[in-house]
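Here the structure is laid out as C-alpha cells; the discussion comes afterwards.
Computed from the coordinates by the stated procedures, all read-outs in this text should not be read as laboratory data. All of these numbers come straight from a predicted model, not from anything done at the bench. No Cβ is skipped: glycine too gets one built from the backbone with ideal geometry, and neighbour counts run over all protein chains shown.
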Amino acid sequence: MNGPAAGSVSPLLSNAVSRISGQDPAACKDRALLLADDLCIDSLALAELIEVISAKAAIVIPDEATGRVRSVGDLQDILDARAPGTGTT
Amino acid sequence: MIKEGTGLFVAGRGDVVPYTGKYAVKTPDVFDQVEAGFARAGLAQTAAAYRPLRVEFELTTRCNDSCPSCGMGALSMRDGVTLGDADLDRLVGEFAGIALPSVAVTGGEPFAAMRALRRVIAACRGADIDISKLTSNGWWGSPRRCGPTLDTLEEAGWLGNRLFVPLLMLSVGQQSVPLAHVARIIRHLTHRYTGREVNVAVSSLADPATRRHRVYDLIEVYEREYGEFPHDRVHSTMRVYLNNDRLDGQRKAERPGQTSLERWMDRCFDCFAPTVGAYVLPTALVKASGCFYSCAAFNVPEKLAFGNVLAEPLKAIVERAAASGYVQAVRAGGGLRGLHGVVPAQFTRATYAPSFCDACAHLIDKHDEITGQATGAPPAALLTLIPVESPTCAATQ
C-alpha cells in the first residue's frame, strides 16, 4: 500500500471515519490523516471502522489488508481496489 | 488469507455449514451431539447455562523462545513446568467426565513438550475428546523435523477428531524462530492434508514500535521458497492484535486514546468469537497449575478462576461457574455486553481500560460490589489455586 498522498476521500469513507472517531466529517476527508495519531483510532475502533466500511461498500476486506492500514488514504486505496464505485472525490 | 470470522456458528442461531471457517465442524448436527454428551454427563441444560465447549489447555509453561511480550506468560525451559503423566491422565479423565467436546492445546510451547503432547492427544482420542487446536511457534519446522513431527501427531491420533476439523495455529509474533520454519510447516500442511482434514492458521502480532505484522514477512519468505502463498488455505488471526492494544509497557503514543468499558463490552463477543471460534463459546482455560477459568482470553481476570481441576472434580467447578451471577450475565448477553443491565452506564462510560480483559476485571469488581456476590472460587477452593510445582510437574521432558 502506498503512503498517504494529498487529496480527499469519498463521502462513504469520510462519514465512516467520522462515525467511528467522533470527528466532524469535514475533518475526516484528508487522505494524509493518520488513523492512530491524528484521529485516535485504536485497534478496537479500527475493527469497527473496517466493519462499517465493509458493510457500506458491500466488500470483504482481508485482515492482511487491514493490518497495513495507517491512514485514511490507505482505506480509500482499499475501497478503490475492491469497490471502485464508491468514488473518490 | 481467509478472513477471521468466516463461518461462525452459534447454537440456536441458524444452520451449521460443515468444513467452513477456521474452527470448522465436521457435521451439521454438532450442537445436538454436544448437547447429548452434556445430558449424559448430567450437566443441566438451561438457555444460558455455562458448559464449556472447549478447554484451552496449558500443557506446559515452558517455551523454547523468549518473546518480549508473551501473552501466555510462558517461562523458560528451565523455569517452566510441564504436566506430568498422572496429572495429564487425571485432567483428561475430568474432561471426559463432563463430556467436554474438545480441547485446544497451548503453552508455553506445546511442541517443546512433545512427549506430553503425544500423551494428551492419545488420551483425548481414547476419551472421545477432539483436539480442536494445537498452537505452536513453529520451531520444529526445520527440514529434518517437520515431516517426522507431523508423522508423530498422526500416530498419536491428531486426525481422528469426531466433531471438529483439527487446527494448527502458528504464531509469528515476536518469535525468533526462522520464518522459513513456519513457511515449511505451512507448505507441508497444505500439501499433505486437505482442508477437510486439517485447518491452518497464522497468528500475527504487530511489532509495537512499527505496528508492522510479521505475517507479511512470512508470506514473502514462503513465496521465495515455494511460490504463491496458499491464501485460500490459511486462516488469519490478526484482528484483535492490531496496534498491540494488549501489550504492557507500550508508550502512550503507540496506544492511542483510551477506550471506555462500554465500548469493550459492546465488542467482546464480536472480537473474541472469531479468534477462538464461536462454536467453542462458552470456552474455558485450564492452566498448567490446574486452575480453571471460565474464559480462555489472554490475561483472563483471576476472579474468573472457579477452582482447580487437580484438586476437585471438574463437574463441581463447572457447576460453580455456571452458578456465578457474573458468568450468567455474560452468557445471557453474549459476552460482556450482558453486563449492561447490571453495571450502570454511568460507570461503564466513565471508566477506561486498555483491553477486553482489563475491562472484564473492572466489570467483575463493579458487579460484585453492586450485587454483593463474589465472582470466582470461594475461599476454600482458593487455597487450591496457589500454583504448586509438584514433583510430577517438575520434570517430564
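In terms of other Cβ atoms within 10 Å, A:69, A:60 run from fewest to most in the order A:60, A:69.
Determine the percent antiparallel among the DSSP beta bridges restricted to chain B, to the nearest 5. In chain B, DSSP labels about 25 percent of beta bridges as antiparallel. The GNM of chain B, with springs linking C-alpha atoms under 10 angstrom apart, assigns the highest mean-square fluctuation among B:70, B:291, B:124 to B:70.
Net charge of the neighbourhood of residue B:199, taken over other residues with C-beta under 15 Å away and scored Lys/Arg +1, Asp/Glu -1, is +4.
Rounded, prolate or oblate, given the Cα gyration tensor of chain B, with a/c below 1.5 counting as rounded? The shape class here is rounded. Taking a ≥ b ≥ c as the square roots of the Cα gyration tensor eigenvalues, with a/c under 1.5 meaning rounded and otherwise prolate when a/b beats b/c, else oblate, which class fits region B:1-105? Cα axes put region B:1-105 in the oblate bin. Charges were assigned to the Cβ only: +1 to each Lys and Arg, -1 to each Asp and Glu. The resulting dipole of chain A about its Cα centre is roughly 240 debye. Net charge of the neighbourhood of residue B:184, taken over other residues with C-beta under 11 Å away and scored Lys/Arg +1, Asp/Glu -1, is +2.
Towards the positive end of the charge dipole of the protein assembly as shown, with charges on Cβ (+1 Lys, Arg; -1 Asp, Glu), say which of B:132, B:311, B:177 has the farthest Cα. Final value for the positive-end residue is B:132. Shape verdict for region A:11-84, please, from the Cα gyration tensor: rounded (a/c under 1.5), prolate (a/b greater than b/c) or oblate. Judged from the Cα gyration tensor, region A:11-84 comes out rounded (a/c under 1.5). Magnitude of the charge dipole for the protein assembly as shown, about its Cα centre and with charges confined to Cβ atoms of Lys, Arg (+1) and Asp, Glu (-1), is about 300 debye.
Among the DSSP helices (H) of chain B, those spanning at least 15 angstrom by Cα along their long axis with an average Kyte-Doolittle hydropathy of -1.0 or more are B:30-41, B:85-97, B:114-126, B:146-156, B:179-192, B:215-226, B:261-276, B:356-371; this is a geometric and hydropathy rule only.
Could you please report the charge total around residue B:364, scoring K, R as +1 and D, E as -1 over all other residues with beta-carbon less than 13 angstrom from its beta-carbon? For residues surrounding residue B:364, the net value is -3.
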